[in-house]
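In what follows, a single structure is set out as structure tokens and then discussed.
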Amino acid sequence: DGRIHKAILGGVAMAKLQIGVSQDGQADQCLLDVDVNGPSWSANMKYGSMGGGLVYGCAFHQGITPKLSMGGEGMYVSANGNMISSYMLKFSMPASGDPVDDRVTKSPGPPGAPGPEPTSSTFLAQLSPGGPSGLPLTLNYKRVVTPGRVTLGAELACDPLSLASNVILGAEFKFSRSKLQVTMDGNAKIQSVLETKLGKEPGQPSLNLCAELDHLKDEMKFGYGLSIDG
């Protein structure tokens, strides 16, 4: 696998070329992405080869107001004739009443580094007709309770015609050198991941502990991982 990133058009657009080669040649792929960002909008175009056929794709996202934005994307895979599309609507409500923007931290740190996300509530609705999950409508809610510390979330995926649905509730807690993520779905299956740094200096190894409890199946799982940055 290989990737090439290159700024083009004087830095207005960013081009990304991804090439993947398999041993038998059946999974070879070559994909070119071009991202263009405007004052209140962003666009993406894709072109390449995947699975023995051409791939075409495009996406567009437009900020209507500081709180409301919407967009859509589509992709056509000629190898299997699949046409994939999705549409998104996002609405944010800052608790402080300030506009939603990319804030810059005033605390010591790298110049221009983004600060903690302000206290806010965000609603996201996404419609994906013919998506792989079989549940075309997804509703998400995110609540930043304490900036940089506590975040709550919920997701409802459903099919308005068949009334099939799935719900997930989640929470994230960030500490000085660790992070805890917990989720529970509609079947009362609980999953959690604890990530902690083993040192105070940047680039120190990270230890991950994960657990899963499925009440309906009476199953419990546990695992751990160690990540070392080179």
Considering every residue within the stretch 146-160, establish whether at least one is touching a Gly at 6+ places or on another chain (Cβ under 9 Å), open to solvent by 60 Å² or more (accessible area, probe 1.4 Å) and not in a strand (DSSP E or B). no
Can you confirm whether the stretch 179-195 contains a residue that is among the basic types (K, R), open to solvent by less than 80 Å² (accessible area, probe 1.4 Å) and under 21 Å from V145 (Cα atoms)? yes
Could you list, ordered by first residue, the pairs with Cβ atoms under 9 Å in which the first is in the stretch 1-18 and open to solvent by less than 70 Å² (accessible area, probe 1.4 Å) and at pLDDT 85 or above and the second is in a strand (DSSP E or B) and polar (S, T, N, Q), at least 6 apart or interchain? A13/N37; Q18/Q29
If I filter the stretch 170-218 down to residues being assigned to a strand (DSSP E or B) and of a type in the set (S, T, N, Q), which single residue comes out as farthest from K142 (Cα to Cα)? S206
Does M45 satisfy the condition of being of a type in the set (A, V, I, L, M, F, W, C), within 27 Å of P129 (Cβ to Cβ) and open to solvent by 80 Å² or more (accessible area, probe 1.4 Å)? yes
Six or more apart or on different chains, Cβ under 6 Å: which pairs go from a residue in the stretch 43-72 that's closer than 30 Å to A27 by Cα to one that's assigned to a loop (DSSP other than H, G, I, E, B)? Could you list them? G51/A79; G52/A79; G53/S78; G53/A79; L54/S78
Filtering strands (runs of 3 or more DSSP E) wholly in the stretch 1-97 for at least 3 residues that are in contact with a helix residue (DSSP H, G or I) (Cβ under 6 Å, 6 or more places away or on another chain) and not hydroxyl-bearing (S, T, Y) gives none
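The values are calculated or read from the model by the stated rules, or taken from the named source; none is laboratory data. If you're wondering where the values come from, they're calculated on a predicted model, not measured in any experiment. Here the Cβ is made from the backbone with ideal geometry for all residues, glycine too, and neighbour counts use every protein chain on show. When the accessible area is computed, the model is the full protein with side chains, heavy atoms only, and any ligands, DNA or RNA have been set aside. Shrake-Rupley method; radii C 1.70, N 1.55, O 1.52, S 1.80 Å.
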